[in-house]
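Report on the following structure.
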Amino acid sequence: MTRIAVTQTVNAYRDMPASVAELAQLEGKLDALREQNVAHHVDLMRAAKAQSVEVIGFGELFPGPYFALGKHPMWFALAEDAATGPTVTTLRAAAKELSMIVVAPIYERDPRGQRFNTAVFIDEQGQVLGKYRKTHLPCGQNEQGSFDEPYYYDKSDGQNGESAANVSKNPFFPVYQTSAGRIGAAICYDRHFEGVMYSLAREGAELVFSPAVTFGDKSQRMWQLEFQVDAARHRLFIAGSNRKGQEPPWNQPYFGQSHVAGPNGVLPNLSTHENLIIADVDLALLSGPDPSGWDLPRDVRYESYSKRG
């Protein structure tokens, strides 16, 4: 049995401006904003450790507020290196101290100056195992608000870096062998595309973290349903993290409902902390017979389906 956690929180920086028109007040303060959010999440790591958590996944773009609700170039300065930047440096030390595996979604800036929405995988020794760059980027509007992620970062180029821990042959969807099992990630909008969980499962993933910042009626209606279907169909555990509450100055409400889904449904939340969802996952269930009697990997008929593209 492996105990895992996901976070469910909002921007922890205390000095946000009162209105979107005043966002420029944050120029020169983004380092402090990042530091407060990272410190908040290290505190959550400690709280999770107190409940014997072995693996923790943070929310999408956790070092700051969700800024893609509008276009403001100031936020480009929040992007950082995925191996040596301040967020990863702090988390490596915390992971080693607490002997905890961390999946940390950051705003990445690579050596070429290109920006990505990236989940960094850190093992319990504080070593960076590798990363995953978000593959699908949304740009649109729903009944609650708009979002424009391509303005801030690029979709994955499949260049997630070489890693001895990566057991996947698909460059777009790495899967990392850890002491707690084989772990992958699908960031927010990725979860809606049928090929994502299929690819991760096919490449050996047992546990997928899906950090998100999501809102709107359809998103809320589908949030748990999508994960339960994929977990059952592909025999995976999927840990979904969403923000909960509102973040000034946009004050867009995020519905939360973070959870862990497995092949047999949503797992009980064992957490005693309001910003953590904790569950025990039994990876042995994935290798035994499905109690439903289904054997989808055995019975699938790829040759009979319409070809994609």
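So the values come out like this:
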quantity	calculated
Under Karplus coefficients 6.51, -1.76 and 1.60, residue-wise ³J(HN,Hα) of segment 153-162 in Hz, glycine/proline x	7, 8, 6, 3, 9, x, 9, 8, x, 7
Rg to Rh quotient for segment 1-159, alpha carbon positions, Kirkwood Rh	0.97
Charged-residue dipole, Cβ positions (Lys, Arg, Asp, Glu), segment 209-301 about Cα centre, Debye nearest 20	240 debye
Residue-by-residue Karplus 3J(HN,Hα) for segment 30-42, coefficients 6.51, -1.76, 1.60, Hz, glycine and proline x	5, 5, 5, 4, 4, 4, 5, 5, 5, 4, 4, 6, 5
Rounded to the nearest 20 debye, dipole of the chain from Cβ charges on Lys, Arg, Asp, Glu	340 debye
Backbone HN-Hα couplings from phi across segment 109-125 [Karplus 6.51/-1.76/1.60, Hz, Gly and Pro as x]	10, 8, x, 7, x, 7, 10, 9, 9, 10, 9, 9, 9, 10, 8, 6, 8
Cα-centred dipole magnitude for segment 1-54, charges only on beta-carbon of K, R (+1) and D, E (-1), debye, nearest 20	300 debye
Between segment 7-82 and segment 144-189, the Cα center-to-center distance that results, in Å	20 Å
Dipole-positive endmost among Ile278, Leu296, Gln51 within the chain (Cβ charges, Cα centre)	Leu296
Antiparallel content of DSSP bridges confined to the chain, in %, to 5	65 percent
Charge dipole of the chain about the Cα centre (unit charges at C-beta), most positive-ward option of Val88, Cys139, Ala24	Cys139
Beta bridges per DSSP with both ends in segment 197-309, % antiparallel, nearest 5	60 percent
5 angstrom amide H check on Gln252, placed H, neighbours 5+ away	Glu247
Exposed-loop-free span, longest in the chain, where GluC sites (Glu not before Pro) count as exposed if DSSP calls them loop and at most 16 other C-beta atoms lie within 10 Å	28-142
Efficiency of FRET from Cβ geometry, Met222 and Lys307, R₀ 22 Å, rounded to 0.05	0.25
Rounded, prolate or oblate (a/c below 1.5 giving rounded, otherwise prolate when a/b exceeds b/c) for segment 2-284 by Cα gyration tensor	rounded
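Coordinate-derived values only; no laboratory data. What you see is a predicted model, and the numbers here were worked out from it, not measured in a lab. Note that each Cβ is placed from the backbone with ideal geometry, even for glycine, and that neighbours are counted across all protein chains shown.
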